[in-house]
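Enquirer: There's a structure below that I have some questions on.
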Amino acid sequence: MNIALIMHELLLEGGGERQCLSLARALIQQGYEVTVYTSAYDRNCFQEISRDLNITVVGRGRLQWIRKSQFIRGYFDMRHLARAVVAKHEIWHPHHWPAQWAAVWLKRRLGGKVIWMCNDVPNFQPMSQERKTIGFLKATVHRLFYAYDRAQNRKVDLTLFLSNWAESQFRKIYSGNTQVVRSGADPSRFAPGGDRLKLRKRFGYGPGDFVLLWLGILMPHRRLQDAIAAVGLLPNQDANVRLLLAGSGLSYPEYFDSLKKLVNELGVPDRITFAGKVADEEIRDFYCACDAFLFPNEMQTWGLAVLEAMACGCPVLVSQGAAVHEVLTDNENAILFPARAPKALAEKIDLLATQPQLRQKIAQAGMTLVRTTYNWEQFANQIIRIFAQALSTGAIQRSESQLGRN
């Protein structure tokens, strides 16, 4: 089976990029021929994962100076990619938006099947309805964008999602065959035993401090303001809870500034640390250095960082606004809490901080779950079965078992 993975850009060390590259590596390890196509590639993007992968950089499309409109930039780049690729592949497997456009154009020219991994549901409809906010002209343009996007998506053979929530959001506005698959962590890379003392010493944490970690790219839907507010609301201030926010704030500087302002307003600067961007080779050390991992994210289609932390033997607190909670069980392999509820979160943090036996139980159960079920090998196995079905039957139907999936 000859497989092409397509990602518009490989520039940031985000979850979508990690997923695409990790899947490519897992498929190669199982003996499949895999090529990754992209418009732009930063070789510092997950160097360890991407090492020895066949990554073909086709370059940008027309009007390279355009950056503001993602739709226009995506259109020109994907048009260029679809023209530049000449090799035939049985499977075109685009990741994220708008890589599926290039895939359907390549399918039309070179044949093959398009199986799209839709990490985040594209939705131009709300923008097109906001005439009072953005004006009639912009609203009309957004409607045209939306119509064009829907037309391209109808040519996709199957759209994959990481969660039932993401699939349900997609089916509200798009049509076509859909299915849910679950990705996971790399158990050979994320495991207990990282350099705990190095990181705790770097940030000045003592042996009695209870360190909560959040790790990722600082973005508004991460709801880090809820995490900061929860630290200020802790009922037991003697628990020495420290919140370590690890990640770059460059993508959304205004949001980053608002978080720092909130820390000062709540009077908790001694309890909150902004670590900045984390080097890929140190991510495991960060997971192992903390006493619990916090994920207050909302409108999140999955939660790869949660699974990586669990693989390292770290107990996790996960918002029910993050779709990864679909595969977790409260008080068994995770602590779950409602989104946008700092007070409820504070109570859950206090519960973990004051009950070491509960932390140990959740950490062990979580580690077992991820290392046996939610890992890249299992993810690749699911993907290969889907590819094989597409090639053998010539068509993919959404089965009743998929409709009733938990």
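Taken together, the values in this text are just the output of simple stated rules run on the coordinates, not laboratory data. Note that the structure is predicted; figures quoted are calculated from it, not measured. No Cβ is skipped: glycine too gets one built from the backbone with ideal geometry, and neighbour counts run over all protein chains shown.
Enquirer: Please go through the residue pairs Lys68/Lys155; Lys172/Lys277; Lys68/Lys138 and name each one whose alpha carbons sit more than 24 Å apart in this structure.
Expert: Result: Lys68/Lys155; Lys172/Lys277 exceed 24 Å.
Enquirer: From the residues Asn153, Phe190, Leu212, which one has its Cα farthest along the dipole of the range 151-223 in the positive direction, the dipole being from +1 and -1 charges on Cβ of Lys/Arg and Asp/Glu about the Cα centre?
Expert: Leu212
Enquirer: Next up: Could you name the aspartates and glutamates whose alpha carbon sits less than 15 Å from that of Lys348, not counting residues in the same chain fewer than 8 places away?
Expert: Here the aspartates and glutamates satisfying the reach criterion relative to Lys348 are Asp226, Asp291, Asp330, Glu332.
Enquirer: Any idea what angle helix 164-173 forms with the longest principal axis of the chain, computed on alpha-carbon atoms, 0 to 90 degrees, nearest 10?
Expert: The angle comes out near 40 degrees.
Enquirer: Then there's this: For the Cα atoms of the chain, what angle does the longest principal axis make with the long axis of helix 99-110, in degrees from 0 to 90, nearest 10?
Expert: 30
Enquirer: Using a simple spin-label model with points 7 Å from Cα along the Cα→Cβ vector, what separation in nm is obtained for Ile173 and Arg202?
Expert: Each label point is offset 7 Å from its Cα along the Cβ direction, giving 3.8 nm.
Enquirer: Also: If I model a spin label at Ala239 and Gln64 as a point 7 Å from the Cα along the Cα→Cβ vector, what separation in nanometres do I get?
Expert: 5.2
Enquirer: Also, I was wondering about something else. Quote the convex hull volume per residue of the range 196-372, based on C-alpha atoms, as a whole number of Å³.
Expert: With only Cα atoms used, the range 196-372 gives 105 Å³ per residue.
Enquirer: Okay, next question. Suppose the chain between Thr354 and Leu144 were pulled fully straight at 0.36 nm per residue; how much longer would it get relative to their current alpha carbon spacing?
Expert: Result: 70.1 nm gained on full extension.
Enquirer: Follow-up. I'm spelling it out carefully: the read-out is Rg and Dmax of the Cα atoms in Å, the candidates are (1) 21.7, 66; (2) 25.7, 89; (3) 30.6, 123, and one was derived from this structure. Which label?
Expert: The value computed from this structure is option (1).
Enquirer: Would you work out the relative contact order for the chain, in percent, from Cα pairs under 8 angstrom that are 6 or more residues apart?
Expert: It rounds to 14 percent for the chain.
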